[in-house]
Structure formats: structure tokens, C-alpha cells
Amino acid sequence: MVYNSGEMMKLAKEDIYFHAPYRMLLSSLGWISGKGINCEIYADGAALDSCNAGEIDIINKTFEEHGLKKIIHGPFLDLNPGSRDRGIRDLTLERFKRVFELCEKLKTGHVVLHTGFDPIFYKDASHLFLNLCVPVWEEAVKAASDKGITIAVENSIDPDPEIVVGILEQIKSPNLEACFDAGHYYAFGKMSPFDALKWYPDNMIGEMHLSDNKGDFDSHLPLGEGDLDFRGLIRAVREKGREPIITSEPHSKEDIEKNLAYLASMEI
């Protein structure tokens, strides 16, 4: 959706997604459907290996019956698309493809994947990481495109947007965009989230992740309990040309309630 810079609005609950690990989602479907909450389902490695047709059918039926929406966050722990080890790159691509299969089963066409960049091991070799990871992302984007899935590449512990932007610029595809996580830049970056945002090409941020912290750790505090200016950040992202998916990343049901109230009261 294209952003109208002259338009002021409040975020509606039906336009907000909440991060929900796969197993937690299954055990809380009644609560989630009762609250009318859209979900970004986090499918870690264990979920990819253990999910079954019965569970997926229950999730799909529950979301359809209650008019709820869902997207996917893929696995990231121990994966590295820019590894110096070819076997690790191959394994990472294999896991990416597995999550695309899950997207199909869960009837969603949007998945978030991390860059996998580690600023310690690649401190002076970001160019090497980028050169190694681009072929993996090219294969991933082709596989996702074949299934009608869009990948949103998210900054994780990246100190700056070099890798995300490099991937976007080298692989130009309608099925590839960015997921901008301001909290990650504030906790791990060498610049402010607002300065990091300036690196991103216009019309390329398809999703925002929202969680708060105090700049010392990715603590996922309820929105408003840390230092981040979410109103300013959402407006700044929208001014890049698109209306992004807004995903809140609380770590408890209580924090879901807090974040929902915070976002619903915000005029952007």
C-alpha cells in the first residue's frame, strides 16, 4: 500500500500483527481468537520439524473462522546464509525452503528471515559475507517466488544496514523486501534507528518490528517502557513510500495487551 504523507491516522487492531511462537500459538488459540489478534507465527527449527497436518488444519480453521490474518517468521538461530562454510550455507537454504513449504500449508505469502550477519566474525569482512550470502538469497527468492511468497529480510545484530541494503540492491525482485527492526538497531547498531533508516531504498520496507529497549540489550520491553520513539519511527518508515505491516513483538500475553493499547492510542 502506498503511503499518503498528508494523512493522519490511528492504527487499527486489525492492521497490527503480534509475534507468536508456533507452540505458544497452538496452546493459546482460544485466547488469541477471542482477542481478535493477527499473528506473525515464529516457526523455529523445532516447529519446522515437528508441525503436522492436524495442527496446521486447526490453525487455519481458527484464523478463517475469526477473520484473522497470519504471516510467518522463519528460523534464524544457528543459520548463516553468508557462512564461509559451504555446508552451512546449503543447510541455511534448505531450512529457508522448509519454511516456504510451511507458508504454503498455513496459507500465507509473507515470511521474515534474518540476514544472519555476525559483526564479530565478519567485523572487517562485511563485503565477504555479502558476496557469500547473495547466491543463497537468490536461490531463496526464486524458491519463494515460485510459491507466491515474499521474503522480508530483517536486520538482527547488524550494526548498520549494509547487508540488508546490499541484498536488496543486488537482488531486485518483487518478492524481496525489508523488515525494519528499530529495536535491533537501537540495541546493536552503531547509529540511531532514524539514521539507519536513511540507508534503505524508498518503497522497500514492507514490515516493521516493534519492541522497546533502553539501548543496552534487545530486551523486548512493552512499548513505551524503553527509549524508542515509535510514533516518529512509524511515520519515518511510511515516508519511505509504503504502508508497512506493523508487527509487535511482546514476550507475554500481558505485554500483548499493553502493546495493543499503546498502538491503538497512537496517532501517526
Quick one: if the Förster radius is 35 Å, what FRET efficiency do Asp227 and Ser27 give, using the C-beta to C-beta distance and rounding to 0.05? 0.60
Quick one: Cα centre-to-centre distance for the stretch 178-193 and the stretch 43-106, in angstrom? 24
Once both label points are put 7 Å beyond Cα along the C-beta direction, the Phe121-Lys10 separation in nm becomes 4.7
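Of all DSSP beta bridges in the chain, what percent run antiparallel (nearest 5)? Please report the intermediate quantities before stating the final value.
Numbers: 3 of 34 bridges.
Antiparallel bridges: around 10 percent, rounded to the nearest 5.
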Sum of -39500 (n - 2.57) over DSSP H runs of 4+, divided by residues of the chain (222 nm, nearest 500): -13000 deg cm²/dmol
Label-point separation, Gln170 to Met266 (7 Å along Cα→Cβ), nm: 3.3
Those trypsin sites (Lys or Arg not before Pro) from the stretch 133-235 that are DSSP loop and have at most 16 other Cβ neighbours within 10 Å turn out to be Lys147, Lys172, Lys190, Lys198, Lys214
Quick one: net charge of Gly109's neighbours, Cβ under 14 Å, K/R +1, D/E -1? -1
Quick one: of the DSSP bridges fully inside the stretch 147-268, what percent are antiparallel, nearest 5? 10
Compute the Cα gyration tensor for the stretch 65-213, then decide on rounded, prolate or oblate, letting a ≥ b ≥ c be the square roots of its eigenvalues: rounded whenever a/c is under 1.5, prolate when a/b is larger than b/c in the other cases, and oblate in all that remain. oblate
Among (i) 190; (ii) 118; (iii) 158, the value of volume of the Cα convex hull per residue in Å³ computed for this structure carries the label (ii)
Taking K and R as +1 and D and E as -1, what net charge do the other residues with C-beta under 11 Å from the C-beta of Ser28 add up to? +3
Around Ile58, what is the net charge, scoring Lys/Arg as +1 and Asp/Glu as -1 over all other residues with Cβ under 14 Å from its Cβ? +1
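Bear in mind that the values in this text are calculations on the coordinates, not laboratory data. Predicted model, so just to flag it, every value in this text is computed and none were measured. Cβ sites come from the backbone with ideal geometry, for glycine too, and all protein chains shown count toward neighbours.
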